[in-house]
Structures are given as structure tokens and as C-alpha cells.
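The values are calculated or read from the model by the stated rules, or taken from the named source; none is laboratory data. Being a predicted model, the structure only gives us computed values, none of them experimental. In this analysis, Cβ positions are derived from the backbone assuming ideal geometry, glycine residues included, and neighbour counts consider all displayed protein chains.
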Amino acid sequence: MSKAKEVLLNPIFNDNPIALQILGICSALAVTGTLYITLIMCVALTSVVTLSNFFVSLIRNHIPTNIRIIVQISIIATLVMLVDEVLQAYDYESSKTLSVFVGLIVTNCIVMGRAEAFAMKNGPIMSAIDGFGNGLGYSIILIVIAVIREFVGAGTFYGIEIMPLTTNGGWYLANNFFLTPASSFFIIGFTIWALRQWKTDQIEEPEFKILKNSLEAEKRTI
Amino acid sequence: MTNNNTISKTLIVAISLCLVCSALISYSAVELRDLQEANKTLDKQTKILSAAGLLADDKDVSSLFNSIEIKIVDLETGLFNTSINIEDFDESSFSRNPNTSIELTSDADIALLKRRENFQAIYLHYENESLKAIILPVRGYGLWGTMKGYLALESDLQTVIGLEFFDHKETPGLGGEIVNPRWKAIWKGKKVYSDSGDVIISVIKGSVDKSNKNAKFQVDGLSGATITSNGVTNLLSFWLGEMGYGPLIKEIRSKESADV
């Protein structure tokens, strides 16, 4: 059982799909403006990655190697369309806000990456657990970004007013930059830095060193 | 392990996978269609009621909507058209079809629509048999895309009840403030036509000077969103003008004076 626990919990901090593998950044930028929308997105992605891992693993011994990517994509795309249909039927407002980003789960590298890297080699139950764990890892980063962006950008937490905005007669002048997707780059960057300060084994070796400029180098030789 | 890479096995896996997937999607699409359609209608009705200020927390949207009458209007003549079924009317397909729309010349196209449909569905709110509000769909280009909304006028066809946008792509926090309740509240009571009948209402830069005699025709601009503010002015000028609902409004006015 400890293997299952490891598979479930590892992607949350030790091997986070966003913070360590730097996958799935696209939706982390786009849908993190408000916490509620982010939570819907997290549920959607987690259910897709869990189920796609399960089904891919279920038929892994019958998938011909030369069409395996197509098979995985078909399964993922089917699940994404199902999630989209359900969302349109039960939470129309959110589906309007999320619009294309639900459909774009198909192209989310985390889903495909887990199908190819884990589900093709492991049993269905373990694969489902792995998918769920990666979904959680994705969700936790998105929730952190969304809380910061919503708080700084709109002065609210989960739609509840914390700091009254000047536009609504309050004292807080909203930082509109945080409402734009570009702000997520900075927040993701700082999150990764914070995580690596805590888990120092995640710090990567620099791929190259910056050379001293030639003048300085000359001085040293003299 | 058996060999998966034969042609027959590849075909069998591919075909059966496609069949299972398509069956699943078709089933869910058919099962959920009614719910989705209901959601879309409800959403639209909520926005229309909200523009007319009729939305109440304790009342059901669809029952409130019973007091609203939908009519198709011919924008060319301003007369109601009864030959087009309301269910068949679809704004986007009508405005694209060359048979049901006209191309706008660049000087007439102030709201940057390119084409305008010849028919539009409008909403009339009656209370005790008398017209209380008329709700007109309006749209026009803002900064990033088309802003779509409903403008509700009182029965004098001059006083604004509300302006509600249901679809826009403006910058959150700047142009996106067109859906801010505080800004929307400013619209109530504003007048749209001058004495000579021109569309005069506009979103100005900065705040409206209350002592100005034109204050009733002016709305505070959205700070940091001049292009969006101008877009709102332009779309109102277009839709209330000759190319928009001008003929309809003239028609209703002349009918009213004939009744008296």
C-alpha cells in the first residue's frame, strides 16, 4: 500500500507536474483569474487525467505501438468532450467563462504525459491513483496562483470581498495587472523558487555558466 | 504476449475504440441537450430581465419572463414582422446570410459590425396591458471584440432603464467594468434622444458635471478604458439611429399619437 501512497502523494510536492516538470502552464496562466473558475478547472482536469490513465492502462496490452499516441488522444478527447457536455448542462456560467480552456485539456501535457509515461506500463488502479495524484499536484499550484491573483487583482477571496475596491467606494486600488494572465508567470516563478528553497533536491544544475566578459578575463591574465 | 502490431489487430483496436468513444459522446450529447438548452434560455432571459430592472431574488426567472412579449421587427421599415417564427430567428446566422442582412458602408458602420441583419427580436414588457419597457438587443465593437448586450427603455422610448452586456472581451478591471453593477446603475434615468431627435447619449471622459444641462445625456466614462467607452457610445448611436431601431421607434411613436 505504501507504493500507492507514494504514487498518490509524490506529484503534489516532490514531483509536481507544474513546478518541477513545467507542464500544463498554458491553463495555469489562463484560468486562474478567480478561485471559483480555477476550482472547476481543477476538478475537470483531475477527473480527465484520472480516468484517461485508468482506461489507457486497461487496454494497454492491446494497443498497437504504432498507433498508441492516437489511441491515447482519442480516449483523452472523449473524456474531455464528456466533461464539457456535463459542465454546459450543470454549470453554464462557468462553462461560458472557461470556454475553450475545457476543450484545451486535450492538449494539456500532463494528461498525455501521464498516459504515455505511467499508464502504458502500470495496472489500471495504480494508474488511476497516479492520475489523481498528478491532478492534485496541478490543482494545488493553480489554487495558489488563483488565490493570489484574485486577492491582489480584485480584493476578494472566493468572491467574498476582503478589501473593498475604490471602484466600489472602498479604499483598495486594485492591481489590474494581476487580473491579466501574464501575472501568472511571475507567481508560478516565485512558487517554483519557494518550493525549491524548501525541497533543495529539486534545484537543477545550471546547464551553462556565464563567462566573465573579455576585459575582466584579460585583467586576470595580466 | 500476442503481437499487437499486425494490420488486422491495429484496425480492430482503432475501429472498436472509435465506435465506443463516439457512442459515449453521442449518448451524453443527446441526454444532456435539454438541460443545456434550458440553461442557455435561462441565461438569456436573466440578462433581458436584468436590463429591464425586473430581476427579483425571490421570483423565478421563467415565471417573470411571462410578462415579456417577443416580437420580430423589420429594421428597414420599423414594422413588426409576423411571418418569421421566433424560434427560427437567430441573430448570428441572419447577420451573415446576404439574403437577410445588408452590408454597411464604412461611414454608417460606426459600431464596426460590417453587416447588419434586416430583422431583430425585441422584447416588450407589459404591465396591466400597458407597455412598461422595451428591451432592444445591441452590439458593437469595443477594444478587443464585440460587446453584446440589451438596452431597456421606458415606454416613452427616451429614458434608459438599464444597459446589460452579456458577452464581451474587454480587459478585466478596465473595459470589463461595463458589467460592474455600480457603473450599470448610472444608466438608469438617462435620456437617449435630443429634442431634435438625434441620438445624443454618450459615455464621456471622466465624470459627468451634474450642473451641466446635458448631464442627463451623459454617462461617466470608465477610467483607463477610453476605447471601450467610445465603443459603448458608438453602439448606442448606431442601434438607436436610422440604421438600427430608429424606424421602429418612429413607428411606435406615430402609432401612439394616432391612438390619442
(message) If the requirement is being at the interface with chain A (Cβ under 8 Å from one of its Cβ atoms), assigned to a helix (DSSP H, G or I), under 24 Å from A:Thr97 (Cα atoms) and not small (Gly, Ala, Ser), which of these qualifies: B:Ile48, B:Ile25?
(response) B:Ile25
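Scan A:Lys121, A:Lys96 and give me the residue that is within 14 Å of chain B (Cβ to nearest Cβ), under 14 Å from A:Ile40 (Cα atoms) and of a type in the set (Lys, Arg).
Of the residues listed, the single one that is within 14 Å of chain B (Cβ to nearest Cβ), under 14 Å from A:Ile40 (Cα atoms) and of a type in the set (Lys, Arg) is A:Lys96.
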(request) Answer yes if at least one residue in segment A:19-35 is surrounded by 15 or more Cβ atoms within 10 Å (Cβ to Cβ), out of contact with any Cys (no Cβ under 6 Å at 6 or more places or on another chain), hydrophobic (A, V, I, L, M, F, W, C) and under 21 Å from B:Ser22 (Cα atoms), and no otherwise. (result) no
(request) Scan segment B:184-222 for residues that are of a type in the set (S, T, N, Q), without any contact (Cβ under 8 Å) to a residue 24 or more places away in the chain and either under 20 Å from A:Thr166 (Cα atoms) or not in a loop (DSSP other than H, G, I, E, B) (or both) and jot them down. (result) B:Ser207
(request) State the number of residues belonging to segment A:180-214 that are in a loop (DSSP other than H, G, I, E, B) and of a type in the set (Phe, Trp, Tyr). (result) 1
(request) Filter segment A:103-118 for residues that are within 14 Å of another protein chain (Cβ to nearest Cβ) and surrounded by 15 or more Cβ atoms within 10 Å (Cβ to Cβ) and give the result. (result) A:Val106, A:Ala115
(message) When you check B:Ser67 against the structure, is it more than 12 Å from every other protein chain (Cβ to nearest Cβ) and of a type in the set (S, T, N, Q), yes or no?
(response) yes
(message) Residue under question is A:Gly133, and the condition is that it be buried (at least 19 other Cβ atoms within 10 Å of the Cβ) and either under 16 Å from A:Leu29 (Cα atoms) or away from chain B (no Cβ under 11 Å) (or both); does it hold?
(response) yes
(message) Show me the helices (runs of 4 or more DSSP H) entirely contained within segment A:1-103 in which 3 or more residues are of a type in the set (A, V, I, L, M) and in contact (Cβ under 8 Å) with a residue 12 or more places away in the chain.
(response) A:2-13, A:25-30, A:35-58, A:68-90
(request) Would you tally the residues in segment B:245-260 being at pLDDT 90 or above and assigned to a loop (DSSP other than H, G, I, E, B)? (result) 1
(request) Answer yes or no: is there a residue in segment A:162-174 that is of a type outside the set (Asp, Glu), surrounded by 20 or more Cβ atoms within 10 Å (Cβ to Cβ) and in a helix (DSSP H, G or I). (result) no
(message) Cβ-Cβ under 8 Å, sequence separation 6+ or interchain: first residue in segment B:170-183 and more than 7 Å from chain A (Cβ to nearest Cβ), partner β-branched (Val, Ile, Thr) and not in a helix (DSSP H, G or I). Which pairs?
(response) B:Thr171/A:Thr180
(request) Restrict the check to segment A:139-159 and report whether at least one residue is of a type in the set (S, T, N, Q), assigned to a helix (DSSP H, G or I), over 30 Å from B:Ser223 (Cα atoms) and within 13 Å of chain B (Cβ to nearest Cβ). (result) no
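For B:Gly197, state whether it is at pLDDT 90 or above and either within 30 Å of B:Leu79 (Cβ to Cβ) or over 20 Å from the mean Cα position of the chain (by Cα) (or both).
Taking the combined requirement at face value, the residue does not satisfy it.
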(request) Check A:Phe177 against each of (1) in a helix (DSSP H, G or I); (2) crowded, with 18+ Cβ neighbours inside 10 Å; (3) of a type in the set (A, V, I, L, M, F, W, C); (4) within 14 Å of chain B (Cβ to nearest Cβ) and name the one condition it does not meet. (result) (2)
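When you look at B:Asp74, is it acidic (Asp, Glu) and buried (at least 16 other Cβ atoms within 10 Å of the Cβ), yes or no?
Values: acidic (Asp, Glu): yes; buried (at least 16 other Cβ atoms within 10 Å of the Cβ): yes.
Yes; evaluated as a whole, the condition is true for this residue.
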(message) Return the residues of segment B:45-68 that are surrounded by 15 or more Cβ atoms within 10 Å (Cβ to Cβ) and either without any contact (Cβ under 8 Å) to a residue 24 or more places away in the chain or closer than 30 Å to A:Ala77 by Cα (or both); say none if nothing qualifies.
(response) B:Gln45, B:Thr46, B:Leu49, B:Leu55, B:Val61, B:Leu64, B:Phe65
